[in-house]
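**Student:** Before I ask anything, here is the structure I am working with.
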Amino acid sequence: MLKSELRQHIKTIKRQFTHQQLSELSLPVLSRLRLLLSDAQTIMAYYSLPDEVCTHQLIDELVSDGKTVLLPKVIDDTTMELCRYTGSKDLRLGAFHIMEPIGEPFTDLSSIDVVMVPGVAFDAQGHRLGRGRGYYDRFLRKISKVRTRTIGVCFDFQKIDKVPTTPNDISVCEVV
C-alpha cells in the first residue's frame, strides 16, 4: 500500500469514531504512556489534534508533577523548534491548526529524556507514517544523535503489519 493510500485508509477508520469514542480509546494508551514516562524529567510531547490520542490532560499532569514538558512549534516549511509548555493559557493556534506554545525556543536537546511522537500509523519495528511533511523525521534525525528514547503514540487500530518507508523516514524506539 502506498503512503497516501495508507493515510486515507486510517483517516477513513478514524471518521467512524465520535470524539467521545476517541477519548475513551485514548485512556489505555495514556495509562501505558504514564508508566513509560514515570522516570523521565524532560519530555517532548505534542498537543494532540482531535483525531489523535488525546494528550492534553496528560501534559498538564506531567507539568503538575514537576516535569519539564516541551511542545513543538512549526517555524517554516521545513523546521520545528521546541518551547517549554507551562499551561494551556500559553498556547496559540499555529500552523496546520495545531496549538503551539509561545515563548523562547528550547535548544538543549541532549537533556530530553523521552520524545512522544504522533503518527498516522506505526508497525512493530517502530516504522512510522506521519502526515507527510517530514517535520518529525527531520527532528528525530537530530535527536537520534543524543540517543533519546522515542515513543510512538497511537490508537490500536493505527498499528499495522508494515509501514511503507523511504530512506528519509526515522523509526521510533517503541510504540504504545
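Values quoted throughout were computed directly from the atomic coordinates according to the rules given, and no laboratory measurement underlies them. Owing to the predicted nature of the structure, the values given are computational and were not obtained by experimental measurement. Virtual Cβ from ideal backbone geometry, glycine too; neighbours counted across all protein chains shown.
**Student:** Quick check: the distance between the Cα centres of the stretch 40-71 and the stretch 136-176, to the nearest angstrom?
**Tutor:** 18
**Student:** Assign unit charges at the C-beta atoms only (+1 for Lys and Arg, -1 for Asp and Glu), then state the dipole size of the chain relative to its Cα centre in Debye, rounded to the nearest 20.
**Tutor:** Its charge dipole is roughly 380 debye.
**Student:** Now for a different question. Before rounding to the nearest 500, sum -39500 (n - 2.57) across all DSSP H runs of length at least 4 in the chain and divide by the residue total; then give [θ] at 222 nm in deg cm²/dmol.
**Tutor:** -8500 deg cm²/dmol
**Student:** Just give me a number: lysine pairs in the chain, eight or more positions apart or cross-chain, with C-alpha atoms less than 27 Å apart.
**Tutor:** Number of lysine pairs found: 24.
**Student:** First obtain the Kirkwood hydrodynamic radius of the chain from its Cα pairs, then insert it into the Stokes-Einstein equation at 4 °C and 1.567 mPa s, and state the resulting D in µm² per second as a whole number.
**Tutor:** 79
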